[in-house]
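Asks: The structure that follows is given in the form of structure tokens.
The values are calculated or read from the model by the stated rules, or taken from the named source; none is laboratory data. Keep in mind that what you see is a predicted model, and the values were worked out from it rather than measured. Cβ atoms come from the backbone with ideal geometry, glycine included; neighbour counts cover every protein chain shown.
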């Protein structure tokens with residue numbers, strides 16, 4: 001990316017971030033797209049209630065991963081940078097950080113797995129009738145969590161070393177195996193057996209085991225070994241991240257649990273609502289992918305050794321471009337949501353009206369990610385806990401009001417309100433403790449333009465036939481893209497050429 005209005009150093013830093021984001025992004029989009037091919041498949045072979053089980057499980061897994069990772073991914077990046085700053089035998093210092101963070105996460109995951117097996121039936125009883133009938137679902141999912149946690153720090157090491165293509169290749173292996181097995185099980189008729197959706201989790205487990213086996217050679221013989229002195233220092237840094245991670249992930253998955261437990265009527269009806277909500281959330285995959293690929297590149301980038309002013313300039317510029325890109329993605333999905341709705345089965349499309357709310361919440365989640373880098377860099381991770389607990393409080397309080405009344409639509413509004421609250425407080429804390437020169441005017445401009453275009457499209461839908469409405473949306477989308485390119489004076493040819501050259505190396 002060539003930035004025509006900014007300092008030379010800022011342009012170099014942003015170009016580096018853009019390249020890394022593009023590498024992770026293009027590859028991650030391809031990989032995750034393959035994984036999301038399961039959404040149209042599952043929503044056409046499973047009932048709303050059966051897909052509700054899949055949605056329920058895959059909402060709980062990230063919570064367990066955050067709990068068991070204990071903030072060690074961010075800690076690994078930060079303490080690897082510390083090893084560089086302290087000098088001496090840098091490689092030995094990094095190896096010690098790797099061995100300690102990997103060792104403690106492996107231990108935590110193993111203890112978790114054993115505990116689940118010992119308490120299998122009580123846990124299944126709490127989770128609901130579907131799990132009481134099939135407690136083996138819970139055991140298989142616990143095994144998936146075990147192996148996924150064991151791969152976390154080795155994957156982080158690949159990112160820290162800049163081995164993006166190796167990282168993506170292993171992620172692709174996981175997804176291809178998972179998708180292939182899941183579809184293969186369906187074609188062989190296994191989903192029609194008494195074990196039913198359990199085969200979805202079996203496919204995932206096999207993929208997780210193979211991924212760990214393929215990842216181990218990249219550790220180059222390093223073994224998990226906990227250095228107690230180093231671990232104490234790491235825990236001081238990571239404990240607030242763990243607390244905020246638990247609250248933040250709870251905020252992400254609790255909307256599903258609220259639908260499950262607060263929707264009036266029988267459990268089967270609640271699971272059907274959950275299935276619809278989960279399917280619509282999957283349609284917002286493009287926004288989720290964008291935030292994910294940005295995080296993969298930005299986290300090690302912003303937690304590396306920057307001078308304070310350079311960090312502020314880079315973070316401010318990155319935020320502006322993130323908002324710009326997010327608004328374009330938002331428009332690209334909501335203007336053509338009828339097309340995106342075809343991703344899911346017909347019985348799930350009744351919930352398509354919540355898609356703009358889910359997308360807007362995902363945009364806010366990305367903005368909050370940008371606002372988290374300063375306190376991670378300054379090792380003031382207590383602010384992460386404050387912010388995420390605010391979001392959790394908003395989610396819990398509003399859910400008891402809106403979900404019983406509006407079902408999954410209420411859950412979508414709750415999700416948006418919680419993300420908005422966290423972003424608002426993040427901005428307040430940032431301005432007070434670590435002022436960053438964000439271009440509020442330009443970011444607000446992109447939000448207003450996107451909102452105006454969306455409003456114009458919605459008003460036009462009343463007066464135009466469907467085909468003319470789609471054509472109008474094509475014009476509106478093209479206008480939005482052209483406006484952003486003109487406003488930022490982005491040299492698209494130079495940007496594409498830079499990415500192509502990087503892949504050829």
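Asks: Take residue 66 and tell me if it is closer than 30 Å to residue 42 by Cβ, in contact with a helix residue (DSSP H, G or I) (Cβ under 9 Å, 6 or more places away or on another chain), surrounded by 17 or more Cβ atoms within 10 Å (Cβ to Cβ) and at pLDDT 90 or above.
Replies: No: the conditions fail for residue 66.
Asks: Can you pull out every residue in region 146-184 that is in contact with a helix residue (DSSP H, G or I) (Cβ under 6 Å, 6 or more places away or on another chain) and surrounded by fewer than 16 Cβ atoms within 10 Å (Cβ to Cβ)?
Replies: 166
Asks: Kindly list the number of the only condition in (1) surrounded by fewer than 16 Cβ atoms within 10 Å (Cβ to Cβ); (2) farther than 30 Å from residue 220 by Cβ; (3) without any contact (Cβ under 8 Å) to a residue 60 or more places away in the chain that fails for residue 136.
Replies: With respect to (1) surrounded by fewer than 16 Cβ atoms within 10 Å (Cβ to Cβ); (2) farther than 30 Å from residue 220 by Cβ; (3) without any contact (Cβ under 8 Å) to a residue 60 or more places away in the chain, residue 136 is out only on (3).
Asks: Return the total of residues in region 439-470 being touching a residue at least 24 places away in the same chain (Cβ under 8 Å) and not in a helix (DSSP H, G or I).
Replies: Qualifying residue count for the region: 1.
Asks: Would you confirm whether any residue within region 114-129 is assigned to a loop (DSSP other than H, G, I, E, B), over 30 Å from residue 232 (Cβ atoms) and modelled with pLDDT under 90?
Replies: Yes: one or more hits.
Asks: Of the residues that make up region 185-195, is at least one buried (at least 22 other Cβ atoms within 10 Å of the Cβ) and either out of contact with any helix residue (DSSP H, G or I) (no Cβ under 9 Å at 6 or more places or on another chain) or farther than 25 Å from residue 398 by Cβ (or both)?
Replies: no
Asks: Just for region 314-347: of the residues that are within 16 Å of residue 44 (Cβ to Cβ) and not in a helix (DSSP H, G or I), which one is farthest from the chain's Cα centre (by Cα)?
Replies: Among residues in region 314-347 that are within 16 Å of residue 44 (Cβ to Cβ) and not in a helix (DSSP H, G or I), the one farthest from the chain's Cα centre (by Cα) is 345.
Asks: Restricting attention to region 415-435, does a residue exist that is within 30 Å of residue 335 (Cβ to Cβ), more than 23 Å from the chain's Cα centre (by Cα) and loosely packed, with under 14 Cβ neighbours inside 10 Å?
Replies: No, region 415-435 has no match at all.
Table: residues versus (1) under 23 Å from residue 377 (Cα atoms); (2) under 25 Å from the mean Cα position of the chain (by Cα).
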position: 72; (1), (2): yes, yes
position: 82; (1), (2): yes, no
position: 91; (1), (2): yes, no
position: 105; (1), (2): yes, yes
position: 126; (1), (2): no, no
position: 132; (1), (2): no, no
position: 137; (1), (2): no, yes
position: 153; (1), (2): yes, yes
position: 157; (1), (2): yes, yes
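Asks: I would also like to ask the following. Which ones in region 270-283 are under 15 Å from residue 39 (Cβ atoms) and surrounded by 24 or more Cβ atoms within 10 Å (Cβ to Cβ)?
Replies: Across region 270-283, the qualifying residues are 274, 275, 276, 277, 278, 279, 280, 281, 283.
Asks: Please specify each residue of region 208-230 satisfying the condition of being surrounded by 14 or more Cβ atoms within 10 Å (Cβ to Cβ) and over 16 Å from residue 147 (Cβ atoms).
Replies: Of everything in region 208-230, those that are surrounded by 14 or more Cβ atoms within 10 Å (Cβ to Cβ) and over 16 Å from residue 147 (Cβ atoms) turn out to be 222, 226, 227, 230.
Asks: Among the helices (runs of 4 or more DSSP H) confined wholly to region 348-438, which include 3 or more residues that are out of contact with any strand residue (DSSP E or B) (no Cβ under 7 Å at 6 or more places or on another chain), more than 19 Å from residue 271 (Cα to Cα) and modelled with pLDDT of 90 or more?
Replies: Answer list for region 348-438: 355-370, 382-406, 408-433.
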